[in-house]
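Notes follow the structure.
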Amino acid sequence: MRGGRFDCRFRGGGVRGEILDFNDASGEGLISGDDGLRYPFDRTGLMQRDLLRPGQRVDFVISDSVATGVCLLRTEPPPSSARVDGDTLSPWRYFTRCLAKYADGHGRARRREYWYFLLFQALILAVPLIVCIGLAATASSGTPSDAASLTIGLFALLAGVVYLFFVIPGICVSIRRFHDVGLTGWLILLGLIPYVGGLITFVITLLPSEARTNKHGPVPGQSSRTTADVFS
């Protein structure tokens, strides 16, 4: 017992699994057991009043193919700290996380991560472009010196390097965004279709996260246990 609550880690004979879905309004949910089977449960079968959410690990007892005595495993972070990479992240942290996953297309990326990455990418790329355009506009009023021409060329080159630097993380965060709505990463190739492809891709990136664990991982913000192949 801890704080008047039973700790599943000290219970034997139970089955362990992962919550796939739980409707707080109806009090009904579904568990994917480690034995490969799925078990429905309802609020009357809960041993605790913890906030349940998809992706949490639980221990339970099977009774007539229904999960009872459902108990949240304390080996996982409590709900108050589970979303450490969710709403508590600043826009800049979303961006730097994408850079940390530079060539990693595994897992899922919520809308905030995707759009904050695009925002800071555009802002950083705009700096050398604005300087280059400003210098070119100044030089256009007269005959540009060799130094001015060289400076313009260097900033134009810098803009190109920055753009190329962001290509790979941009592709990977797009793949993870598609994963987040339950789609295959191969759909980013839709962007190669003139006009229509870009519109379809844009609409997909606006869709909310799939509100359950899918084959690419748990809902972003929850502890991840497995990931799928990049383009699976």
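The values are calculated or read from the model by the stated rules, or taken from the named source; none is laboratory data. Keep in mind that this is a model prediction, so the values were computed, not measured. Positions of Cβ are generated from backbone atoms using ideal geometry, with glycine treated the same way; all protein chains shown enter the neighbour counts. Just the protein is used for accessible areas: all its heavy atoms, side chains included, with ligands, DNA and RNA removed. Shrake-Rupley method; radii C 1.70, N 1.55, O 1.52, S 1.80 Å.
The set of residues in the range 178-209 that are open to solvent by 80 Å² or more (accessible area, probe 1.4 Å) and either at pLDDT below 90 or within 11 Å of the chain's Cα centre (by Cα) (or both) contains only 195. Filtered by the rule that a residue be of a type in the set (S, T, N, Q) and part of a loop (DSSP other than H, G, I, E, B), the range 14-60 gives 26, 48, 56.
Inside the range 150-164, residues that are open to solvent by less than 60 Å² (accessible area, probe 1.4 Å) and more than 30 Å from the chain's Cα centre (by Cα) make up a count of 4. Residue 122 satisfies every condition listed in (1) crowded, with 17+ Cβ neighbours inside 10 Å; (2) in a helix (DSSP H, G or I) except (1). Of the residues that make up the range 32-50, is at least one open to solvent by less than 60 Å² (accessible area, probe 1.4 Å), within 23 Å of the chain's Cα centre (by Cα) and at pLDDT 85 or above? Checked against the condition, which is being open to solvent by less than 60 Å² (accessible area, probe 1.4 Å), within 23 Å of the chain's Cα centre (by Cα) and at pLDDT 85 or above, the range 32-50 yields at least one hit.
Confirm whether residue 175 is touching a Gly at 6+ places or on another chain (Cβ under 9 Å), open to solvent by 60 Å² or more (accessible area, probe 1.4 Å) and either outside any helix (DSSP H, G or I) or aliphatic (A, V, I, L, M) (or both).
No; evaluated as a whole, the condition is false for this residue.
Contact map, the range 104-132: residues that are under 25 Å from residue 155 (Cα atoms) paired with residues that are open to solvent by 60 Å² or more (accessible area, probe 1.4 Å) and aliphatic (A, V, I, L, M), Cβ distance under 8 Å, separation 6+ or inter-chain. Pairs shown: 128/158.
Would a scan of the range 120-143 turn up a residue that is modelled with pLDDT of 95 or more and aromatic (Phe, Trp, Tyr)? Within the range 120-143, one or more residues are modelled with pLDDT of 95 or more and aromatic (Phe, Trp, Tyr). Among the residues examined, residue 212 does not qualify as within 26 Å of residue 19 (Cα to Cα), open to solvent by less than 30 Å² (accessible area, probe 1.4 Å) and among the charged types (D, E, K, R). Total residues in the range 199-214 satisfying the condition of being over 15 Å from residue 114 (Cβ atoms) and either in contact with a Gly (Cβ under 9 Å, 6 or more places away or on another chain) or in contact (Cβ under 8 Å) with a residue 60 or more places away in the chain (or both): the figure is 5.
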